[in-house]
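The values are calculated or read from the model by the stated rules, or taken from the named source; none is laboratory data. Predicted model, so just to flag it, every value in this text is computed and none were measured. In this analysis, Cβ positions are derived from the backbone assuming ideal geometry, glycine residues included, and neighbour counts consider all displayed protein chains.
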Amino acid sequence: MKIIIIGAGQVGGTLAENLANEENDITVIDQDSARLRELQDHLDIRTVHGQGAHPNILEQAGAEDADMLIAVANSDEVNMAACQVAYTLFKTPSKICRVRATPYLAKKELFTNKAFPIDVLISPEQVVTKHITRLLEYPGALQALDFANGKARLVAIKACEGGPLIGHELSFLRQHMPNIDTRVAAIFRQGQPIIPSGKTVIEVDDEVFFIAARDHIRAVMSELQPLEKKYRRIIIAGGGNIGFRLAKQLERRYQVKIIETYHERCVALSESLEKTIVLHGNAAGKDLLLEENIEDTDVFIAVTNDDEANIMASMLAKRIGARKVIALISNPDYVDLIQGGEIDIAVSPQQTTIGSLLTHIRKGDVVNVHALRRGAAEAIEAVAHGDEHSSKVVGKRLDEIKLPTGTTIGAIVRKQEVLIAHDHIRIEADDHVILFLIDKQKVREVEKLFQVGLSFF
């Protein structure tokens with residue numbers, strides 16, 4: 001595909017890296033020439049220096065025959081204008097746009113061909129809020145991802161002392177929980193991936209990715225670590241867009257407090273939130289945290305727009321007694337450094353956003369993409385189409401499908417039913433197949449498996 005990316009920031013850069021490795025023709029537009037040179041030095045891409053919404057710059061970037069425009073510049077207005085220009089002047093077939101500001105997002109009628117012709121709207125704040133909300137549902141989970149509208153979930157969890165499965169082969173799980181069906185899709189041990197078999201022995205500190213029907217998740221988690229109590233008390237540091245959205249989502253189910261530095265913002269938050277307690281002050285201030293009984297807090301979530309402030313506030317909260325801390329970290333270099341130490345979970349807005357962008361770029365009928373392990377691995381939900389003659393997967397047993405190396409099928413969702421992947425299961429037309437890839441270079445091969453041959457038409 002020929003793809004133009006507007007914005008060479010962290011999302012645009014990560015996206016260019018992902019797509020360039022998959023043999024796409026990529027052009028990146030940005031006003032920062034130093035950043036463009038940096039990208040060109042290590043990626044096989046074209047770059048154009050200039051304002052991404054200007055017609056002459058888009059023309060220079062090859063908009064006339066581009067298949068897709070992805071606008072992820074720092075300005076909502078630039079992104080929206082670029083989509084408008086691409087549609088009006090160049091008839092670009094597919095336009096993906098990142099919009100952050102809530103006043104725009106609240107008016108759905110803005111995003112139509114008669115106003116701003118945007119095919120896919122990405123809101124990082126919405127994506128991150130959803131991600132954190134799912135994590136709170138499963139205390140102890142490192143990642144929790146939805147497939148087939150939430151019917152199946154992929155959960156990452158660290159194996160801990162006291163989990164019944166520790167030191168046992170995976171096949172022990174079936175004996176121990178005969179009524180629960182699950183599939184371990186991958187294990188990361190000391191950062192290295194392992195494709196599991198029934199004989200794989202689970203060790204302490206293994207990062208285990210398993211897939212199961214939504215109702216069975218907690219039961220499977222209890223095999224890998226002692227089950228944590230459900231969360232009740234939550235403190236959110238930062239009352240920006242993400243902090244506000246989180247509080248709004250959580251306040252009916254949890255006891256929520258939000259700490260915000262600016263007084264005017266505190267007033268606005270207290271007027272918009274119903275049950276949340278709004279506190280004016282610095283979340284990295286020890287006295288305030290002690291005053292608010294941080295030692296009784298189940299989860300401390302730092303989501304200010306400053307990485308360093310999030311790291312310091314989370315470490316302090318953990319040290320003086322918070323049960324769990326989650327920090328929003330935009331700088332990808334920090335994420336690996338801090339996760340798993342005093343900070344339990346580092347959430348990268350880039351990686352969560354990249355997943356939702358890739359969903360719309362993958363070939364074949366791919367309806368869901370999630371980046372895993374900070375982008376090192378990927379989980380894909382693909383829909384099987386066609387029949388035995390036109391499809392490489394329909395009508396075949398799972399053990400007959402030639403999957404690329406490092407790829408496993410975790411589950412199949414058929415209408416309302418979640419079928420955990422076993423060799424004897426045959427794939428039918430319209431099945432949603434959930435795959436796990438530890439090697440992202442194999443994405444193209446997986447896509448080809450799910451593309452329908454011409455005989456189908």
Subject >> Elements of type helices (runs of 4 or more DSSP H) contained in the stretch 24-114, each with 2 or more residues being of a type outside the set (Phe, Trp, Tyr), in the same structural domain as Gly12 (by TED's automatic domain parsing) and within 25 Å of the chain's Cα centre (by Cα) >> reply: 33-42, 76-90, 102-105
**OP:** Considering every residue within the stretch 341-353, establish whether at least one is among the charged types (D, E, K, R), closer than 30 Å to Ala20 by Cβ and touching a helix residue (DSSP H, G or I) at 6+ places or on another chain (Cβ under 8 Å).
**Re:** no
Original post:
Residues of the stretch 1-26 being aliphatic (A, V, I, L, M), touching a residue at least 24 places away in the same chain (Cβ under 8 Å) and closer than 11 Å to Ala66 by Cα, which ones?
Top reply: Met1, Ile3, Ile4, Ile5
Subject >> Qualifying position, being closer than 27 Å to Ala377 by Cβ and in contact with a Cys (Cβ under 7 Å, 6 or more places away or on another chain), among Leu121, Leu145, Leu135 >> reply: Leu121
**OP:** Have a look at Glu125, Glu77, Glu109, Glu59 and point out the one that is touching a helix residue (DSSP H, G or I) at 6+ places or on another chain (Cβ under 8 Å) and surrounded by fewer than 15 Cβ atoms within 10 Å (Cβ to Cβ).
**Re:** Glu59
Subject >> Qualifying positions in the stretch 244-254 - surrounded by 17 or more Cβ atoms within 10 Å (Cβ to Cβ) and either over 24 Å from the mean Cα position of the chain (by Cα) or of a type in the set (A, V, I, L, M, F, W, C) (or both) >> reply: Phe244, Leu246, Ala247, Leu250
**OP:** Just give me the residues in the stretch 1-17 being part of a helix (DSSP H, G or I), buried (at least 20 other Cβ atoms within 10 Å of the Cβ) and either touching a Leu at 6+ places or on another chain (Cβ under 7 Å) or among the basic types (Lys, Arg) (or both), in sequence order.
**Re:** Gly13, Leu15, Ala16
**OP:** Tally the residues that are buried (at least 19 other Cβ atoms within 10 Å of the Cβ), assigned to a loop (DSSP other than H, G, I, E, B) and not aliphatic (A, V, I, L, M), restricting the search to the stretch 321-338.
**Re:** 1
Original post:
For the stretch 197-229, what are the residues that are within 21 Å of Asp423 (Cβ to Cβ) and either outside the structural domain of His176 (by TED's automatic domain parsing) or free of Cβ contacts under 8 Å to residues at least 40 places away in the same chain (or both)?
Top reply: Ser197, Gly198, Lys199, Thr200, His216
